[in-house]
Amino acid sequence: MSVQNLTLLGATGSIGSSTLDVVARHPERFRVHALTAHRRIDELAELCRRFRPDRAVVADADSAIRLRTLLAAEHPACVVDHGAAALCEVASAPEVDTVMAAIVGGAGLAPGLAAARAGKRILLANKEALVMAGDLMLDAVARSGGLLLPVDSEHNAIFQCLPLDAHARADTSRVRRLVLTASGGPFRTASLDRMRAATPDQACAHPNWSMGRKISVDSATLMNKGLEVIEARWLFGVTAERIGVVVHPQSVVHSMVEYIDGSVLAQMGQPDMRTPIASALAWPARIDAGVKPLDLTAVGTLTFEPPDFVRFPCLQLAFDALAAGPWASIALNAANEIAVERFLAGRLGFLAIADAIRATLDALAGSAADSIDAIFELDARARRVSADFIDRQPRAAAC
Ligand code: NAD
Ligand code: MG
C-alpha cells in the first residue's frame, strides 16, 4: 500500500476537521502535503503544527505573514502562499495524489477544476463546483484519467450502492431511480409564520448533523437537497425524472438506489461525515473512521415522508433550474450564496431567500454558460442581481 499525498482544501471547516480526524488515525496511509483555509489563521497554524504539511494557503498577504510568524518556531519549513492561484497550484501539484475539495461555495470551483485537469483523485465535498460546472468537471476528470469520489453523504451512499468500474464510474443502466434522503432540517414541522421569523441560529441548529453555517442554512431551506439533486445528475449521469427526494428525519438511511427489478439498496450509518470521508479516502478499501457502530434497536423507528414543496420552495427552484439548463444552476447557486450570506448577517428574512433566487433566475434566463469564463461571468452577474434584489427589499419585509 503506497502512502497517499493529500491536499486538503478548506482544512479549518467542518469537513476539513472530520477529514483530519480520519487521516490522523491512519498515518501509514496518508501524508498531508497542503492545508488551506480562508481566514481562521490561528486554527490553521495549529493544524500545521500537528500535521506538518509542506505547504499552506490562505486568503491574502496579511494572513500569510501572520501564518508564517505563527509557524516560525515550530514548523518553519512550511511554505505559505495566498490567493486563488495558490489554491489551484496545491490542488494540481505533481507530488499530490489526492485532493479533498472541502471549500464552501463557488470559491471551490477553480481549485476543484485544477485538480480534475491534473488527474488527481478528488474527494468531492464542494457540491457547488458540480452545480456550477458539472459538465466541465466530469469532462476534465475523464480526459486526465482522474477519479471523482463523492463525499456528500447521500452521493457517497448511492456510490456505495451502484456497480462501479475501476475508474469509479457508475453503471446506472439498470437503475430506475436514485432516491436522496433529506432530514427535513430544523423547520421540518414548522409553520410558515415561524419560518418567516427564523433567526440564523435557529436555522443553523440542525437536528442531526453538525456542519458549516452556509450548508446548515441550505439544509433549513432544503436548497441543500436541491443542490444535491443537481450534484447527483452530474455524478451519476441520470436525468432529473430519475432522481427522487424523500424526507427521513432520523438521517440513518443516507440514500437509496432503486433498480428496475424492484430491488432498493440503501446505505445506512450514523449521521457522522467521517464515514463517507473514510469511504472516499480509502476507496475501494475500507478503513476505520472512528465512528461508533449504528445500533438500529436504539434508533427504533425509521420514518419517511414526501417533501413539502410549498414551505420549501428552494427545492422546487432547484428542480426547475436543472430542467432549464446549466445557466440556471449557476444563477441558482450564486443567488443562493448571496441570499444565505445576507440572511446570516441578519439582513434578509428566511423566506425571502427563495424570492432572491427566483428574481435572479427571472432576470438571467437563457444566459450563456458554455465555457469556464462564461460560467464565472454569469456567476458574478447572478451575485450582483441577487444582491441588488435584496437591497431593494423594504427593511421590514426583508428581515
Ligand atoms: P465550513 O464553512 O465549515 O468550512 C469551509 C472551509 O472553506 C473553511 O476551511 C474555509 O476557510 C474555507 N473557505 C471559505 N471561503 C473560502 C474562500 N472564498 N476561498 C477559500 N477557502 C474558503 O463548510 P463545511 O460545512 O465544511 O462545507 C464545505 C463543503 O462541503 C461545502 O460545499 C458543503 O456543501 C459540503 N458538505 C459539507 C457537509 C458537512 O457535513 N459539513 C456535508 C456534505 C457536504
Ligand atoms: Mg448531503
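Scanning the stretch 232-259 for residues that are touching a Gly at 6+ places or on another chain (Cβ under 7 Å) and part of a strand (DSSP E or B), we see that the one that is surrounded by the most Cβ atoms within 10 Å (Cβ to Cβ) is His254. Take Leu138 and decide whether it is buried (at least 24 other Cβ atoms within 10 Å of the Cβ), on the phi < 0 side of the Ramachandran plot and part of a helix (DSSP H, G or I). Judged against the criteria, Leu138 is not a match. Take the residues of the stretch 204-221 that are touching a Lys or Arg at 6+ places or on another chain (Cβ under 9 Å) and buried (at least 24 other Cβ atoms within 10 Å of the Cβ): which is nearest to Val179 (Cα to Cα)? Filtering the stretch 204-221 for residues that are touching a Lys or Arg at 6+ places or on another chain (Cβ under 9 Å) and buried (at least 24 other Cβ atoms within 10 Å of the Cβ), the one nearest to Val179 (Cα to Cα) comes out as Ser219.
Being touching a strand residue (DSSP E or B) at 6+ places or on another chain (Cβ under 6 Å), surrounded by 19 or more Cβ atoms within 10 Å (Cβ to Cβ) and either under 26 Å from Val175 (Cβ atoms) or of a type in the set (D, E, K, R) (or both) is not true of Val264. Of everything listed in (1) away from ligand 2 (no atom under 16 Å from the Cβ); (2) assigned by TED's automatic domain parsing to the domain that holds Ser255, the single unmet condition for Glu89 is (2).
The condition (being within 13 Å of ligand 1 (Cβ to nearest atom) and part of a strand (DSSP E or B)) is satisfied by just one residue among Leu148, Leu180, Leu130: Leu180.
Yes or no, residue by residue, for (1) at pLDDT 95 or above; (2) of a type in the set (Phe, Trp, Tyr); (3) part of a helix (DSSP H, G or I); (4) farther than 24 Å from Ala203 by Cα:
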{"site": "Asn336", "(1), (2), (3), (4)": "yes, no, yes, no"}
{"site": "Ala339", "(1), (2), (3), (4)": "yes, no, yes, no"}
{"site": "Gly346", "(1), (2), (3), (4)": "yes, no, no, no"}
{"site": "Ile353", "(1), (2), (3), (4)": "yes, no, yes, no"}
{"site": "Ala359", "(1), (2), (3), (4)": "yes, no, yes, no"}
{"site": "Asp373", "(1), (2), (3), (4)": "yes, no, yes, yes"}
{"site": "Ala380", "(1), (2), (3), (4)": "yes, no, yes, yes"}
{"site": "Arg383", "(1), (2), (3), (4)": "yes, no, yes, no"}
{"site": "Ser386", "(1), (2), (3), (4)": "yes, no, yes, no"}
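One line per residue, one yes/no per condition, for (1) more than 19 Å from Gly13 (Cβ to Cβ); (2) basic (Lys, Arg); (3) within 13 Å of ligand 2 (Cβ to nearest atom); (4) within 15 Å of the chain's Cα centre (by Cα):
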residue	(1), (2), (3), (4)
Glu128	no, no, yes, yes
Met137	yes, no, no, yes
Gly146	yes, no, no, no
Cys161	yes, no, no, no
Leu164	yes, no, no, no
Arg169	yes, yes, no, no
Ser173	yes, no, no, no
Leu192	yes, no, no, no
Thr221	yes, no, no, no
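Going by what's in this entry, would Gly185 be described as at positive phi and within 10 Å of ligand 1 (Cβ to nearest atom)? It is false that Gly185 is at positive phi and within 10 Å of ligand 1 (Cβ to nearest atom).
Within the span defined as the stretch 300-323, every residue fails to be under 30 Å from Val22 (Cα atoms) and in contact with a helix residue (DSSP H, G or I) (Cβ under 6 Å, 6 or more places away or on another chain).
Residues that are farther than 30 Å from Ser191 by Cβ and assigned to a helix (DSSP H, G or I) were ranked within the stretch 285-322; the one that is nearest to the chain's Cα centre (by Cα) is Leu296.
The values are calculated or read from the model by the stated rules, or taken from the named source; none is laboratory data. This one's a predicted model, so the numbers in the text were calculated from it and none came from an experiment. We place every Cβ from the backbone using ideal geometry, glycine too, and count neighbours over all the protein chains shown.
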